[in-house]
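Encoded as structure tokens, the structure appears first; notes follow it.
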Amino acid sequence: MSKQLVLMDHDGGVDDYLATMLLLTMEHIELLGVIVTPADCYIQPAVSATRKIIDLMGFSHIPVAESTVRGINPFPRMYRRDSLIVDHLPILNQRDIISTFLVAEPGQDFMIRVLRQAPEPVTLMVTGPLTTVAVALDKAPDIAAKIAKIVWMGGALNVGGNVEKSLEAGQDGSAEWNVYWDAVSAARVWQTQIEIIMCPLDLTNNVPVTSDIVCQIAKQRHYPISDLAGQCYALVIPQDYYFWDVLATAYLGHPEFYQLREWETEIITTGQSQGRTKVVSGGRKIYAMDQVDQEAFYNYILQQWAR
Ligand SMILES: [Ca+2]
């Protein structure tokens with residue numbers, strides 16, 4: 001059986017590295033590259049950390065590309081600085097050189113090239129804003145035919161967002177950060193016919209990073225990947241943290257753990273609800289991950305990181 005082709009586009013948060021690690025453990029997937037979008041991170045350490053993680057996992061032939069797109073509303077510095085911490089974790093700095101190849105072209109151009117060259121349509125696994133995808137589609141509309149689907153962590157349908165009113169002046173709290181960073185680009189992707197399977201806050205709110213699961217990961221820290229995962233989760237345990245990107249990515253490993261539901265939606269691009277993914281009759285059809293077998297998911301990530 002041929003492998004499922006996947007191109008990853010993440011935005012350098014702690015969760016994004018863990019999602020990349022999970023994706024690399026999936027034997028039925030051929031990962032064509034990893035693009036880092038400069039959103040929930042500082043881009044240099046985020047690219048560096050991504051390459052070091054791919055090295056550690058033994059896949060240094062998988063290229064990494066730095067997207068040079070720009071958003072509208074920057075992520076808070078408190079979130080972004082985690083990229084610097086991860087890049088300096090001891091387990092990622094045992095060697096002086098990084099083997100994983102950094103491509104010279106910008107990530108959006110790399111996305112176009114990889115999709116055009118692929119022998120069959122590719123699944124885009126996106127765990128950050130949709131800006132790199134939108135820019136690539138604007139530059140090369142033909143690539144839409146080479147995208148099998150977009151699996152995306154983003155949006156909040158029937159729950160509040162995570163862009164806090166207290167943090168962002170004038171906002172009503174309905175937006176999810178990956179949309180809010182650049183709602184115009186999300187709306188651009190919404191204009192296409194590409195199948196979208198999103199993992200919204202509606203679902204991730206039910207799957208927290210608990211002290212218990214972090215300690216279970218610690219029990220298997222003799223595996224380097226569990227050690228790294230445990231370090232990453234220890235970093236975020238003081239925050240309200242959920243398996244956002246990891247839950248979205250695990251869908252590629254075990255779609256049968258999830259129930260999907262179809263919604264008609266639109267992206268609000270201006271005003272106090274900028275970045276809201278609104279359920280509207282007659283809107284753009286998308287699938288949202290609606291329910292997940294939580295125990296099966298927790299067991300799966302523990303098993304996959306035991307290496
Ligand atoms: Ca992310």
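The values are calculated or read from the model by the stated rules, or taken from the named source; none is laboratory data. No experiment lies behind these values; they were computed from the predicted model shown. Here the Cβ is made from the backbone with ideal geometry for all residues, glycine too, and neighbour counts use every protein chain on show. Accessible surface areas use protein heavy atoms only, side chains included; no ligands, DNA or RNA. Shrake-Rupley method; radii C 1.70, N 1.55, O 1.52, S 1.80 Å.
So the values come out like this:
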read-out: Cα gyration tensor, the chain - rounded (a/c under 1.5), prolate or oblate; value: rounded
read-out: Relative contact order (percent, whole number), region 117-206, Cα cutoff 8 Å, 6+ residue spacing; value: 36 percent
read-out: Of Asp212, Asp15, Asp172, the one that fluctuates the most in a GNM where the chain has Cα springs shorter than 10 Å; value: Asp212
read-out: Carbon + sulfur, % of accessible area of the chain - ligands and nucleic acids excluded, 1.4 Å; value: 49 percent
read-out: Å² per residue, accessible surface of region 55-188 at 1.4 Å; value: 44 Å²
read-out: Diffusion coefficient, µm² s⁻¹, Stokes-Einstein with Kirkwood Rh over alpha-carbon pairs of region 1-83 at 10 °C and 1.306 mPa s; value: 121 µm²/s
read-out: Neighbourhood net charge (10 Å Cβ-Cβ; Lys/Arg +1, Asp/Glu -1) for Lys285; value: -2
read-out: Average Cα contact separation per residue, region 4-304, under 8 Å, 6 or more apart, as relative contact order %; value: 19 percent
read-out: Cα gyration tensor shape for region 1-142, rounded if a/c is under 1.5, else prolate or oblate; value: oblate
read-out: GluC sites (Glu not before Pro), loop per DSSP, at most 15 other Cβ atoms within 10 Å - longest free stretch of the chain; value: 28-163
read-out: Max mean-square fluctuation residue, GNM over the chain, Cα-Cα springs under 10 Å, options Gly271, Gly12, Gly230; value: Gly271
read-out: Residue among Leu84, Leu235, Leu247 with the largest mean-square fluctuation in a Gaussian network model of the chain, springs linking Cα atoms under 10 Å; value: Leu235
read-out: Convex hull per residue volume in Å³, alpha carbons only, for region 107-238; value: 149 Å³
read-out: Ile91 versus Gln291: modelled label distance in nm, points set 7 Å from Cα along the beta carbon direction; value: 3.4 nm
